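First the structure, in the form of structure tokens, and then the observations on it.
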Amino acid sequence: MANPSRRRELTTKDDVPLSEILGYGMELIDTYREAPRTFLSTFTQEVSSRVFMTRTGDMTWQEVAEMEHARTGTLDTHQMAFSVKSYARDLAYSREIVEDNPSEMLREEMQAMIRGADDKEFEVLFDVLKGGVADGTQLWYTPQEYAGQSFSDTHNHSYVDTQELFGDSNPHAVSEHIREANKDLREHGYSPAVAICSQDIADALVGERTDGTNYHIPEAEGLREGALPEQTLIEDGVRLVQTAWLNGSEEQDVYVVSERGQNGAPIKTNYPRPVELTDNTGAPIGGAGGTLGDPAALLGAYGSMRMGSKMADPLAGVKFTADNIA
């Protein structure tokens, strides 16, 4: 007679134990955390606090006479805090779903959940970039002087149309737009690195080339950190990438970004909770909540993360709308 205290582990329709599905999910999470992030991470720096500091001031070297003491430089520290938000997607696994579906379907749903986390991180960082470029409203600090130039705390790097960027009503090629926008970065000593544009702007840029070269403008979403192809179209030292996230009213918008600002990477991020599998009590699976030895933790589980991000250096980017293309 069978021992009634022994319970059969819940299995999928094709007899795969729930513990194996849970183990697969945890492996996916670990792989995702260790994998290179999207290319936007080139412009981001993770910080341990939701308060970051921006330092400005004059540290320019000056001529001194023999035996004369050097003058002390001036650096001011400015603090800025940013908020953290929660993001989640429910797997909606129940006992019935596990029993009635093959293991492959459950694995595919987990894979889709991880892809969704990747999409969300890209969207959050891109929105921070789009909303963080200096637009003429008051900054929380006065920009540092550079190359004999001084800048006010309402310095602007955003242009609503071609006319505002160039100061004339003439049509200009997209390549001219980019070269003009680059001046706003170089006047602060920054080196323009990447221009992010829509698919239509990418088409216009390729159409401007007449030398017969087969230029390539990769999609931003599919790129991993440091993986910009060598054959990427380059304009005035800037590599071009395109994204489907610029569409509709944003289709003519272009963002030129420097990899390094005055205080390192221009975007700061903080992850109180990196991507994880969370059980139905709100505790992390494999942590304080359900454990790998408790496959039932997968029932009602969901993927979740908490992250915050802020454009720490609004002058490390330029945004323009190319509405009058030659």
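Is it true that some residue in segment 280-302 is within 24 Å of GLU180 (Cα to Cα) and part of a loop (DSSP other than H, G, I, E, B)?
So far as segment 280-302 goes, no, none of its residues is within 24 Å of GLU180 (Cα to Cα) and part of a loop (DSSP other than H, G, I, E, B).
Can you tell me which residue in segment 132-169 is farthest from ILE201 (Cα to Cα), limited to those that are among the hydroxyl-bearing types (Ser, Thr, Tyr) and in contact with a His (Cβ under 7 Å, 6 or more places away or on another chain)?
Per the stated criteria, the residue is TYR141.
Are any residues in segment 171-203 of a type outside the set (A, V, I, L, M) and part of a loop (DSSP other than H, G, I, E, B), and if so, which ones?
PRO171, GLU187, HIS188, GLY189, TYR190, SER191, SER198, listed by residue number.
Restricting to segment 220-247, give me the number of residues that are farther than 20 Å from LEU185 by Cα, within 16 Å of the chain's Cα centre (by Cα) and either outside the structural domain of ASP203 (by TED's automatic domain parsing) or modelled with pLDDT of 85 or more (or both).
Number satisfying all stated conditions: 6.
Quick one: which residue in GLY189, GLY136 is free of Cβ contacts under 8 Å to residues at least 24 places away in the same chain and not assigned by TED's automatic domain parsing to the domain that holds LEU28?
GLY136
Assuming SER103 fulfils every condition listed in (1) in the same structural domain as ASP30 (by TED's automatic domain parsing); (2) on the phi > 0 side of the Ramachandran plot apart from one, which condition is it?
Looking at each condition in turn, SER103 falls short on (2).
I'm checking my understanding of the structure. Among residues of segment 306-326 that are surrounded by 23 or more Cβ atoms within 10 Å (Cβ to Cβ) and assigned to a loop (DSSP other than H, G, I, E, B), which one is modelled with the highest pLDDT?
It comes out as ALA322.
If ALA220 meets every condition in (1) of a type in the set (A, V, I, L, M); (2) touching a Pro at 6+ places or on another chain (Cβ under 9 Å); (3) over 14 Å from ALA316 (Cα atoms) apart from one, which number is that one?
Unmet condition: (2).
Within segment 119-161, how many residues are surrounded by 16 or more Cβ atoms within 10 Å (Cβ to Cβ) and either under 18 Å from TYR271 (Cα atoms) or among the basic types (Lys, Arg) (or both)?
So the answer is 9.
If we scan segment 287-305, do we find a residue that is at pLDDT 90 or above, buried (at least 20 other Cβ atoms within 10 Å of the Cβ) and in contact with a His (Cβ under 6 Å, 6 or more places away or on another chain)?
Within segment 287-305 (the criterion being at pLDDT 90 or above, buried (at least 20 other Cβ atoms within 10 Å of the Cβ) and in contact with a His (Cβ under 6 Å, 6 or more places away or on another chain)), the answer is no, since none of the residues qualifies.
When residues of segment 210-239 are filtered for being out of contact with any strand residue (DSSP E or B) (no Cβ under 9 Å at 6 or more places or on another chain) and either under 17 Å from CYS197 (Cβ atoms) or touching a residue at least 60 places away in the same chain (Cβ under 8 Å) (or both), how many remain?
2
Quick grid of which residues meet (1) under 13 Å from TYR255 (Cα atoms); (2) surrounded by fewer than 21 Cβ atoms within 10 Å (Cβ to Cβ):
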| residue | (1), (2) |
| --- | --- |
| PRO171 | no, yes |
| HIS177 | yes, no |
| ALA193 | yes, yes |
| ARG209 | no, yes |
| GLU219 | no, yes |
| ASP236 | no, yes |
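The values are calculated or read from the model by the stated rules, or taken from the named source; none is laboratory data. Just so it is clear, the structure is predicted and the values come from calculations on it, not from any experiment. Neighbour counts run over all protein chains shown; Cβ positions are idealised from the backbone, glycine included.
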